[in-house]
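Quick notes on the structure that follows.
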Amino acid sequence: MPSEVTPGPLLEPIAFGQRMQVLRTRRGMSRTVLAGLVGKSPSWVKQVEGGQLQMPKLHMVLRIAEALRVRELAELTGDQSEPVSLFTGPGHARLPQVRAAVDAYPFASDREAPAHDHVKVRLARAWQARHASPHHRDVIGALLPELIRDAQSLVRQAETGAERRAAQALLSQTYSLSQFFLAYQPDASLLWRVVERAMVAALESEDPHTLGIAAWLAAQAHRDSGPGHFDSADAVTFDTLRHLERMLPEAGDEVLAISGALEFEAGYTAARRGDTGTAWHHWDAARSKARRLPKDYFHPVTSFSQAIMGAHAVTVAVELHAGGESVRQAAAADASLIPSHPRRARHRIEEARGYELDKQPEAALAALSKAYESAPETIRYNGYARRILLTESESKSPHQRRRASELAVKLGMLAA
């Protein structure tokens, strides 16, 4: 590091408790909230931060890291010898190509734009491939650079207002597809550039369905940035819901579905806050909208449908840290009805979190194995799955330790 650069405060040799306090404060989180998330008392948090208690055991350190959403475990522990990424994956091989396409500023004359319908068909096929593939980042990472460039060219070379609005809709949805590739990748600033561009293009398109998709993903990005950004997640969610609500009586299935998906996002954020009543209220509202859709309908981006509501119920219960309810909801949900490989894998990971909360580590590991079968790439980049595996790889049970370690090796988290 050049001598003129001031080291960050968490790179200095300070105690675990001090690191925990700095990270908690940065997140805008009170001791009471952190205590509730990790199953301890506020006084315990205060004692750890004050140095009266030493650094807890690994399973609790990982639980704290999850609650504080740290990217590298070393941020919390101070141990730089073996960095462990938790909520950021190792970085996909195609990330540089996608980044270059996003960051480029081509002029209108740089390339001839293809036909609008040609790009539209390619984008639809890319979404289908994303859901159908167990390794969806490999697939969409190969498609995104050209899609981004062609959608940008369509906007720049549009000759009429109607053509420009239609091109902006395609560009926004291409950026939305990019967000699925960039989630958990080690480039947060790139993700946020894509989030913002998707929203701007969606607003320029004046297309309600495109705007709903962009808002749905923007709300997730805000929420995953931590408790200090929950209000921003709610703002984009509720503003977009109000915008769409007046269109629902005459809207088609796509607009109704994206409205339902946004309704669930409101419940998801409320669950992150620990607001049980509000979380289930929005889940109920989302289910009501799902029931107005054809039984076999699945939204091409969000997977919103009648079948997905069982998986959404598991997520709400898990985020509320209700272990028993999580397990009950998991038993009622039918994962086989979810056609999307990555979405099914995500549901299995949520099941695993529920089983862990209910102190059923064997069942949690079984759920993670099913997640791996559905989409290895999804579990590889999921911080919750990685935390559970790291915890169970040091279990006192030889069987659990072996099972967790074998899966962790497959994911590249542990050496063979």
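If you go through the stretch 12-33 one residue at a time, how many are at pLDDT below 85 and either on the phi < 0 side of the Ramachandran plot or among the β-branched types (Val, Ile, Thr) (or both)? Give the steps one after another, and end with the answer.
Narrowing the stretch 12-33 to residues at pLDDT below 85: 12-15, 26-30, 32-33.
This time we only want the ones that are either on the phi < 0 side of the Ramachandran plot or among the β-branched types (Val, Ile, Thr) (or both), so: 12-15, 26-27, 29-30, 32-33.
Residues flagged as at pLDDT below 85 and either on the phi < 0 side of the Ramachandran plot or among the β-branched types (Val, Ile, Thr) (or both) within the stretch 12-33 amount to 10.
When you go through 101, 74, 142 one by one, which is the residue that is at pLDDT below 80 and either farther than 24 Å from residue 410 by Cα or not in a loop (DSSP other than H, G, I, E, B) (or both)?
74
Return the pair list, or none, for Cβ contacts closer than 8 Å from residues in the stretch 395-412 that are touching a residue at least 12 places away in the same chain (Cβ under 8 Å) and under 19 Å from residue 373 (Cβ atoms) to residues that are assigned to a loop (DSSP other than H, G, I, E, B) and open to solvent by 80 Å² or more (accessible area, probe 1.4 Å), at least 6 apart or on different chains.
412/90
Okay, residues lined up against (1) closer than 22 Å to residue 180 by Cβ; (2) among the charged types (D, E, K, R); (3) buried (at least 17 other Cβ atoms within 10 Å of the Cβ):
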residue	(1), (2), (3)
233	yes, no, yes
239	no, yes, no
263	yes, yes, yes
269	yes, no, yes
272	yes, yes, yes
287	no, yes, yes
306	no, no, yes
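Can you tell me which of 408, 416 is within 25 Å of residue 185 (Cα to Cα), open to solvent by 10 Å² or more (accessible area, probe 1.4 Å) and modelled with pLDDT under 90?
That would be 416, the only listed residue that is within 25 Å of residue 185 (Cα to Cα), open to solvent by 10 Å² or more (accessible area, probe 1.4 Å) and modelled with pLDDT under 90.
Only one of (1) in a helix (DSSP H, G or I); (2) within 21 Å of residue 58 (Cα to Cα); (3) in contact (Cβ under 8 Å) with a residue 24 or more places away in the chain fails for residue 359. Which number is that?
Evaluating residue 359 over (1) in a helix (DSSP H, G or I); (2) within 21 Å of residue 58 (Cα to Cα); (3) in contact (Cβ under 8 Å) with a residue 24 or more places away in the chain leaves (1) as the failure.
Quick check, is residue 337 closer than 26 Å to residue 69 by Cβ and either open to solvent by less than 60 Å² (accessible area, probe 1.4 Å) or of a type in the set (A, V, I, L, M) (or both)?
no
Inspect the stretch 289-301 for any residue being in contact (Cβ under 8 Å) with a residue 60 or more places away in the chain and small (Gly, Ala, Ser) and give the result as yes or no. Give the steps one after another, and end with the answer.
As a first pass, look at the stretch 289-301 and keep what is in contact (Cβ under 8 Å) with a residue 60 or more places away in the chain: 300-301.
Still in the running and small (Gly, Ala, Ser): none.
No, the stretch 289-301 contains no residue that is in contact (Cβ under 8 Å) with a residue 60 or more places away in the chain and small (Gly, Ala, Ser).
Kindly indicate which of 252, 267, 274, 260 is under 17 Å from the mean Cα position of the chain (by Cα) and either within 19 Å of residue 291 (Cβ to Cβ) or at pLDDT below 95 (or both).
Criteria check complete, one pass: 267.
Here are the criteria: (1) more than 22 Å from residue 300 (Cα to Cα); (2) open to solvent by 50 Å² or more (accessible area, probe 1.4 Å); (3) not in a helix (DSSP H, G or I). Tell me which single one residue 184 does not satisfy.
Just one mismatch for residue 184, condition (1).
Restricting the search to the stretch 51-69, which residues are open to solvent by less than 50 Å² (accessible area, probe 1.4 Å) and more than 22 Å from residue 392 (Cβ to Cβ)? If you could, list the steps in order and put the result at the bottom.
Residues of the stretch 51-69 that are open to solvent by less than 50 Å² (accessible area, probe 1.4 Å), as a first pass: 51, 56, 60-62, 64-69.
Answer for the stretch 51-69, where residues must be open to solvent by less than 50 Å² (accessible area, probe 1.4 Å) and more than 22 Å from residue 392 (Cβ to Cβ): just 51.
When you scan the stretch 27-42, how many residues do you find that are in a helix (DSSP H, G or I) and exposed (fewer than 15 other Cβ atoms within 10 Å of the Cβ)?
Of the residues in the stretch 27-42, 2 are in a helix (DSSP H, G or I) and exposed (fewer than 15 other Cβ atoms within 10 Å of the Cβ).
Kindly indicate the residue of the stretch 366-405 that is open to solvent by 60 Å² or more (accessible area, probe 1.4 Å) and in a loop (DSSP other than H, G, I, E, B) and also modelled with the lowest pLDDT among those meeting that condition.
Selected residue: 394.
The values are calculated or read from the model by the stated rules, or taken from the named source; none is laboratory data. Keep in mind that this is a model prediction, so the values were computed, not measured. A quick note on method: Cβ atoms are made from the backbone with ideal geometry, for glycine too, and the neighbour counts reach across all protein chains shown. Please note that ligands, DNA and RNA were not included when accessible areas were found on the heavy atoms of the full protein model with its side chains. Shrake-Rupley method; radii C 1.70, N 1.55, O 1.52, S 1.80 Å.
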